[in-house]
1. Give the residue from Ala118, Ser169, Asn179 lying farthest towards the positive end of the charge dipole for the stretch 86-180; charges sit on Cβ (+1 for Lys and Arg, -1 for Asp and Glu) and the dipole is referred to the Cα centre.
2. Which value, in Å², gives the accessible area per residue of the stretch 42-93 when a 1.4 Å probe is used on the protein heavy atoms?
3. What does the charge dipole of the stretch 146-209 about its Cα centre add up to, to the nearest 20 debye, if the Cβ of each Lys and Arg holds +1 and the Cβ of each Asp and Glu holds -1?
4. Using +1 at the Cβ of each Lys and Arg and -1 at the Cβ of each Asp and Glu in the chain, identify which of Asn268, Phe204, Cys12 lies farthest towards the dipole's positive end.
5. For q = 0.12, 0.13, 0.14, 0.17 Å⁻¹, what log10 I(q)/I(0) does the stretch 169-310 give under the Debye formula with an equal point scatterer on each alpha carbon and no solvent?
6. Please name which of Gln87, Ala227, Ala107 has its Cα lying farthest along the dipole of the chain towards the positive end, using unit charges on Cβ (Lys, Arg +1; Asp, Glu -1) and the Cα centre as origin.
7. From the phi angles alone, apply the Karplus equation (6.51, -1.76, 1.60; θ = phi - 60°) to the stretch 321-328 and give each ³J(HN,Hα) in whole Hz, x where the residue is Gly or Pro.
8. Looking at the chain only, what percent of DSSP beta bridges run antiparallel? Nearest 5 please.
Amino acid sequence: MKIGILTSGGDCAGLNAVIRAAGISIFRNIKGAELIGIPEGYGGLIDGESVKLRPRDIEGILAEGGTLLGSSRQPFKQMQIRGEDGQTKLEKMAANYKKLGLDCLIAIGGAGTHKNAALLMREGCKVIGVPKTIDNDIWGTDVTFGFQTAVEVACSCMDRIRTTAESHSRVMLVEIMGNKAGWLALHSGIAAGADAILIPEMPFAEDELCRFIEDKKKDGARSVLIAVAEGAHIRAEAGLKRKQRSFARANLGEKTITNHLAEYIEQNTGYAARTSVLGYVQRGGAPCAYDRLLCTRLGEQAANLVAEGRFGVTVAVKGNSLAVNRLEDVAGKYKYVTRGDRMVRCAEELGIFLG
C-alpha cells in the first residue's frame, strides 16, 4: 500500500509530530506499506514531486518545529482555473496522485487544506484530513493542534510586555494572529491577564475602549494590557470586508487596527500607548507537551483510518475522544467565537473589555 502524506498551508508547531505518529503507526500496523512524502504541500502534488520516507527519517522529529516536508499555500479559489497549458491545478493533483501510484493521501492542514482535500475526493482520490491551525477555527473539532502552543507563546510574550507596561505606566497593545476567528487572542489574553481582548467576532467602539482605559487608570492601574486579534475591527467597519478595512486604513497611513488604536488612545486619553506585533513567533518553535500528545493521537488515528479503508473524512476532537467528520461537511466552514462561549463568559465575569 502506497500512502502519501503532506503538510499544507501556514506552518505551526506539531506538524512533524503528526508525520511521526502517522508514519510509525503505518510502518508497524500495515504490512508492506510505503510512506510517500509530498514536498511543499499541494504544490508538490501539483508538480508531481515525492520522496520516500523511511522509519529513520521520522524517528527523531517529535519535538522539532516546522515540517520536514515543507509547506505552501494553494488557494482554493485557484484550484479550478485553467492555466496556459489548459489544465487546472486540481486536474494536475489528481493526475499526479495516480501517477505516483498512491492508494490514499493524508493531508495535514487548516481550512483551505480541507477544502482542497474535498475537491480531490470528488476527483476520485482517497484522502484523510488532519486538522491543524493556531487559529483553532476548523469546524467540527473542539481543538486543532498548534493552537495550544501558540496560546502559550502569546501568553509568555504578553507576560513580558506587561512588566514593561508596568515600569513605564503605559497602555500596551499586543497584536495576535487571527484574521477571522479570535480564539487565540481570547485564550492567550485571559491566560495573560489582559485587561481588554479585541477579536473579529465582537466589533467594538473606540470611545468605549478609551473610557474603559480611563476608568482603569482612575482605579489605580499603572498599566493596561490589550490583546488585539489582527482581524479585530471597530463597529463602524463591521459591514466591510477585511480587504476593504485594510484599504481604508492604508489611505490614512495606518497599516493595522493595532496602529490605529494606539494613535486613537493617545489622542483621546493622553496616556502613552505602544504596540507589539507578535507575528510569526506564534507559529514557530517546538510544540508544547499538550500538542505533542494531541499530534500523536491525531497522527495515529489517521493511520488507523488508512488501515480501516475509511476515506473522505478528517480526524476531530470531541470532548476527550477522537472522532471523524466528513470532508465535505468541514470544507468551507469555520468555527467562530460566540457570546455564549464559556471562555467569553469567563472573561466578562472577570471584567475584561470585549467590546
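The values are calculated or read from the model by the stated rules, or taken from the named source; none is laboratory data. For clarity, every value in this text was computed on a predicted model and none was experimentally measured. Please note: Cβ atoms are built from the backbone with ideal geometry, for glycine as well, and neighbour counts cover all protein chains shown. All accessible areas refer to the heavy atoms of the entire protein, side chains included, with ligands and DNA or RNA removed. Shrake-Rupley method; radii C 1.70, N 1.55, O 1.52, S 1.80 Å.
1. Ala118
2. That works out to 60 Å² per residue.
3. Approximately 240 debye in magnitude.
4. Cys12
5. -0.57, -0.64, -0.71, -0.94
6. Positive-most Cα among the choices belongs to Gln87.
7. Rounded to whole hertz, the list is 10, 8, 9, 9, 10, 6, 4, 5.
8. That works out to approximately 25 percent antiparallel.
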